[in-house]
Amino acid sequence: MIKIIKSRLFENYSEVTFGFSTKIGLGRNHPFYFNMSKSVEDDEKIVNENRNAFFRELNLQSDQIAYQKQIHSKTVKIVNSPGLHGEGDALITNKKGIGLAVSSADCAPVFIYDKEKKVIAGIHSGWKGTSQKIVEETLIALQENFNCNSQNLIVYIGPSISQKNYEVGKEFKNIFNIKYLLPQNGKFKLDVKQANYDMLINFGIPESQIEVSNLCSFQEEYLHSYRRDGLKSGRAFGIIALK
């Protein structure tokens with residue numbers, strides 16, 4: 001059995017394939033479980049088996065997936081083919097049959113679909129990407145390269161760490177607006193989901209077209225969490241594709 005998280009909003013669009021993996025799949029066990037990453041100490045053969053099984057569940061194959069080496073940047077790339085596309089943290093395509101992969105284990109994964117222009121984007125937005133406004137950079141790229149209108153965008157912010165479980169240092173008050181920081185014991189609790197949500201709203205995307213997962217990766221044992229499990233944490237994949 002493979003447990004996959006779906007988006008309620010994307011389910012309304014039969015032309016969109018979407019799924020977000022969890023720790024549950026192929027009976028994998030401690031420490032990495034059903035892991036999608038080759039950059040942790042998991043066995044590469046097992047990771048390939050995991051990926052292939054996950055892709056099959058989404059009616060995709062490994063040679064249809066576009067990846068990046070994620071580096072917590074604001075780099076956005078437009079891709080027309082599957083495979084590895086260098087370093088960056090956001091991918092955009094209007095080509096059918098290409099799955100955009102976002103790797104995550106606490107960072108906010110954000111997925112966008114333009115229902116009129118038929119364009120998709122997958123974004124990896126941890127605190128660094130959020131502070132550099134990678135979601136906004138992606139929205140601008142969609143507008144400039146595909147003439148996307150914010151009124152036509154459907155967005156899903158996937159499972160990620162919740163504010164109550166995301167403690168950061170006092171230096172973060174120089175990085176984020178204080179409204180995203182909850183003071184506690186001389187430190188702060190950071191709300192990455194809300195910061196990304198506000199970027200979407202400020203860009204003019206209707207509230208009814210944004211879905212925010214209420215799942216906290218740190219809290220839910222069946223989700224990968226680097227903050228909780230450290231170096232022994234696996235990674236999830238979120239995949240969005242146009243059929």
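Observations, loosely collected:
- In the stretch 4-60, residue nearest to Lys243 (Cα to Cα) [restricted to those that are among the aliphatic types (A, V, I, L, M) and more than 17 Å from the chain's Cα centre (by Cα)]: Leu60
- Ala241 vs. criteria under 14 Å from Ile112 (Cα atoms) and crowded, with 23+ Cβ neighbours inside 10 Å: yes
- Evaluation of Cys148 against (1) more than 15 Å from the chain's Cα centre (by Cα); (2) part of a helix (DSSP H, G or I); (3) buried (at least 17 other Cβ atoms within 10 Å of the Cβ); (4) of a type outside the set (S, T, N, Q) (one fails), failing number: (2)
- Unmet criterion (only one of (1) under 22 Å from Tyr222 (Cα atoms); (2) free of Cβ contacts under 8 Å to residues at least 12 places away in the same chain) for Asp42: (2)
- Odd one out for Ile205, checked against (1) aliphatic (A, V, I, L, M); (2) more than 20 Å from Lys128 (Cβ to Cβ); (3) not in a loop (DSSP other than H, G, I, E, B): (3)
- Condition met for Gly97 (in a loop (DSSP other than H, G, I, E, B), under 15 Å from Ala241 (Cα atoms) and touching a residue at least 24 places away in the same chain (Cβ under 8 Å)): yes
- Among the candidates Ile140, Ile154, Ile120, the residue that is within 14 Å of Ala90 (Cβ to Cβ) and in contact (Cβ under 8 Å) with a residue 40 or more places away in the chain is uniquely Ile120.
- One residue stands out among those in the stretch 176-217 that are over 16 Å from the mean Cα position of the chain (by Cα) and among the basic types (Lys, Arg): the one that is farthest from Leu139 (Cα to Cα), which is Lys187.
- Any hit, the stretch 214-237, residues being without any contact (Cβ under 8 Å) to a residue 12 or more places away in the chain, over 27 Å from Val79 (Cα atoms) and either in a loop (DSSP other than H, G, I, E, B) or in contact with a strand residue (DSSP E or B) (Cβ under 9 Å, 6 or more places away or on another chain) (or both): yes
- Candidates are the residues of the stretch 66-78 that are out of contact with any Lys or Arg (no Cβ under 8 Å at 6 or more places or on another chain) and part of a loop (DSSP other than H, G, I, E, B); the one that is surrounded by the fewest Cβ atoms within 10 Å (Cβ to Cβ) is Ile71.
- Single match in Ala66, Ala53, Ala105 (criterion: without any contact (Cβ under 8 Å) to a residue 40 or more places away in the chain, under 25 Å from Phe32 (Cβ atoms) and of a type in the set (A, V, I, L, M, F, W, C)): Ala66
- Residue check for Leu58: at positive phi and in contact (Cβ under 8 Å) with a residue 24 or more places away in the chain: no
- Matching entry among Ala141, Ala121, Ala195 (being in a strand (DSSP E or B) and among the small types (Gly, Ala, Ser)): Ala121
- Lys179 touching a strand residue (DSSP E or B) at 6+ places or on another chain (Cβ under 9 Å), basic (Lys, Arg), modelled with pLDDT of 95 or more and not in a strand (DSSP E or B): no
The values are calculated or read from the model by the stated rules, or taken from the named source; none is laboratory data. Owing to the predicted nature of the structure, the values given are computational and were not obtained by experimental measurement. With ideal geometry, Cβ positions are generated from the backbone for all residues, glycine too; neighbour counts draw on all protein chains shown.
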